[in-house]
Amino acid sequence: MTKKNASGLHTPIGFIGAGNMAEAMISGLIRTNTLSARLIRAADPSSKRRSHIAEMYGIETEADNLFVVQRCPIVVFAVKPQQMASVVTDLAARNGFMEPFRRLVISVAAGLTITSFEKWIYEGIPDHQRHRIAIVRVMPNTPALVGEGISAFSANAAATPDDLSVTRRILSAMGETVHCEESRMNAVTAVSGSGPAYCFYFLEAITAAGEKLGLTEEEAEKLAFATFRGSLRLLEAQKEKPAILRGKVTSPGGTTEAAIRVFDDAGVRRAIMEAVEAAAKRASELSTTS
Ligand SMILES: NC(=O)c1ccc[n+]([C@@H]2O[C@H](COP(=O)([O-])OP(=O)(O)OC[C@H]3O[C@@H](n4cnc5c(N)ncnc54)[C@H](OP(=O)(O)O)[C@@H]3O)[C@@H](O)[C@H]2O)c1
């Protein structure tokens, strides 16, 4: 796992689709000085979106995806998964990937496999030139929007160690990174992709419980949110396993033990395991139909 990296890149990066995820990446790249705004371009069909991104970050925007792909050796595809096939095949049909320079294609689309991108992009590219187009699949998560995400990525055989290093530097602008086999992406999706929702679910429940016990909503939220944040910081600072720290705050016959006994009796741990497994199964179903 790598920590945030603020060292600068000098290769132009283009974004196809300038929505929420692209904006998180663009703002992170600029904020962390990973890339200068003058080296970033984005394409989006919405003139409102283009104006917003151009004014907010001072980058060049285009209505036609081809202009971005032709000018940027690194291209991040950040359209919705259901729009991806037509966006990529349109660019391939217009020789968008037939450029003299080496390319790094990064997809942040949930569920879309590297094989799909190889099929869309490599068709029409002579065999001996395919190794010049590396394809990387990324699974980010929503805390990326505030620079605190974690992105897992997998790459195809065309990716060089330099491509992997550049990918890591780009993704580090949104938080932490993990490089893994693509076969693990469904597990990643189930743990960190859907993970923020599990945290919010737990916070919703604990806040509601606080209110039931007589706290105001504001008090309950403040207590619960700070407890979550503080517990994570403690975990990181002490470099202990969660079970160890839990043991330290669970005295025999005390209040915490009474609560944990209810969790155990209700099968909460088993339910969490089954929920995460269900998310992985669904991720697998969605990626095999894409
Ligand atoms: N948001 C997240 O937290 C998150 C987390 C993990 C992964 N992702 C992945 O990130 C990708 C983008 O998600 P998002 O939340 O950023 O979606 P989004 O906000 O809807 O952004 C997608 C953008 O692509 C534009 N677009 C549509 N058709 C296009 C085309 N033909 N060419 C270029 N741009 C086009 C859309 O414009 P219109 O709105 O005008 O259609 C929109 O501005 C998805 O594949 C998603 O799976 C997102």
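The values are calculated or read from the model by the stated rules, or taken from the named source; none is laboratory data. All figures in this text were calculated on a predicted structure; none of them were measured in a lab. Glycine gets a Cβ as well: all are built from the backbone with ideal geometry, and neighbour counts include every protein chain shown. The accessibility values were calculated without ligands, DNA or RNA, using every heavy atom of the protein model including side chains. Shrake-Rupley method; radii C 1.70, N 1.55, O 1.52, S 1.80 Å.
A few notes on this one:
- Take residue 128: with every protein chain present and a 1.4 Å probe, its accessible area is about 130 Å².
- Centre-to-centre, using Cα atoms only, the stretch 147-164 and the stretch 191-264 are separated by 33 Å.
- Gain upon complete extension [residue 237, residue 123; 0.36 nm per residue less C-alpha separation]: 36.1 nm
- Pairwise Lys count, the chain - Cα closer than 29 Å, eight or more residues apart or different chains: 20
- Antiparallel DSSP beta bridges within the chain, as percent of all bridges there, nearest 5: 15
- Annotation for residue 36 and residue 85: the two label points, set 7 Å from Cα along the Cα-Cβ direction, are 4.2 nm apart.
- Between residue 184 and residue 281, the modelled label-to-label distance comes to 2.3 nm, taking each label 7 Å out from Cα in the direction of the beta carbon.
- Rounded accessible area of residue 199 (nearest 10 Å², 1.4 Å probe): 60
- Taking 0.36 nm per residue of separation and subtracting the Cα-Cα distance, full extension of the segment from residue 131 to residue 67 would add 20.8 nm.
- Note on residue 95 and residue 201: with the Förster distance fixed at 41 Å, the Cβ-Cβ geometry gives a FRET efficiency of about 0.30.
- Of all accessible heavy-atom area on the chain, the percent that carbon and sulfur account for (1.4 Å): 57
- Centre separation in Å (Cα based) which lies between the stretch 43-95 and the stretch 106-144: 15
- Residue-normalised accessible area of the chain, expressed per residue, 1.4 Å probe, Å²: 56
- The simple Förster model, with R0 at 22 Å and r as the Cβ-Cβ distance, assigns residue 270 and residue 213 a FRET efficiency of 0.25.
- A DSSP coil position with no more than 12 other Cβ atoms inside 10 Å describes the following GluC sites (Glu not before Pro) in the stretch 91-162: 123.
- Among 104, 39, 29, the largest mean-square fluctuation in a Gaussian network model of the chain, built with springs joining Cα atoms closer than 10 Å, belongs to 39.
- Applying a DSSP loop filter and a limit of 12 other Cβ atoms within 10 Å to the chymotrypsin sites (Phe, Trp or Tyr not before Pro) in the stretch 51-117 leaves 101.
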